[in-house]
1. Restricting the search to region 60-84, which residues are at pLDDT 95 or above and among the basic types (Lys, Arg)?
2. Keeping to region 58-96, report how many residues are at positive phi, within 13 Å of the chain's Cα centre (by Cα) and either open to solvent by less than 100 Å² (accessible area, probe 1.4 Å) or not polar (S, T, N, Q) (or both).
3. How many residues are among the hydrophobic types (A, V, I, L, M, F, W, C), surrounded by 11 or more Cβ atoms within 10 Å (Cβ to Cβ) and either in contact with a strand residue (DSSP E or B) (Cβ under 7 Å, 6 or more places away or on another chain) or farther than 30 Å from residue 87 by Cβ (or both) when one looks only at region 1-28?
4. I'm trying to understand the selection: among the residues of region 29-57, which are aliphatic (A, V, I, L, M), under 22 Å from residue 93 (Cα atoms), in a helix (DSSP H, G or I) and open to solvent by less than 70 Å² (accessible area, probe 1.4 Å)?
5. Could you list all residues from region 62-85 that are within 24 Å of residue 29 (Cβ to Cβ), touching a helix residue (DSSP H, G or I) at 6+ places or on another chain (Cβ under 7 Å) and of a type outside the set (S, T, N, Q)?
Amino acid sequence: MNNIRTLDQIKEQYYGAVGTPERDRLENELEALRVGFKIRSAREARNLTQQQLAEKIDRKRTFISKVENDGENITLRTLFDIVERGLGGKLNISIDFA
């Protein structure tokens, strides 16, 4: 018997189908975590501390920590500052409509 399930099957079992409120909340939280993880990875790849990145964008180290650990509620302006001013990257945003 094959008990292997995909992540999407597990999410559907516990959080409902895509488009339901609980599933949408989960997907939004996961996306926020991805943003924070990408920022942390880029910072570490550039050998910057949280303090150094914070100084580049005129913020506190604790703010960078919060963004890296929970990317929710970050404004586009702040995301732009972190990515472009702080990390020297280029921010690209994509919007998809179903």
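1. 60, 61
2. 0
3. Of region 1-28, the ones among the hydrophobic types (A, V, I, L, M, F, W, C) are 1, 4, 7, 10, 17-18, 26.
Next, only the ones that are surrounded by 11 or more Cβ atoms within 10 Å (Cβ to Cβ) stay: 18, 26.
Checking which are either in contact with a strand residue (DSSP E or B) (Cβ under 7 Å, 6 or more places away or on another chain) or farther than 30 Å from residue 87 by Cβ (or both) leaves us with 18.
Count: 1.
4. The answer is 30, 32, 35, 39, 42, 53.
5. Taking region 62-85 first, the residues within 24 Å of residue 29 (Cβ to Cβ) are 62-83.
Filter once more, so that each one left must be touching a helix residue (DSSP H, G or I) at 6+ places or on another chain (Cβ under 7 Å): 63-65, 67-72, 74, 82.
Of everything in region 62-85, those that are within 24 Å of residue 29 (Cβ to Cβ), touching a helix residue (DSSP H, G or I) at 6+ places or on another chain (Cβ under 7 Å) and of a type outside the set (S, T, N, Q) turn out to be 63, 64, 67, 68, 70, 71, 72, 74, 82.
The values are calculated or read from the model by the stated rules, or taken from the named source; none is laboratory data. Model, not experiment: these values are computed from the prediction. Backbone-built Cβ (ideal geometry, glycine too); neighbour counts: all protein chains shown. Ligands, DNA and RNA are excluded from the accessible area calculation, which covers all protein heavy atoms including side chains. Shrake-Rupley method; radii C 1.70, N 1.55, O 1.52, S 1.80 Å.
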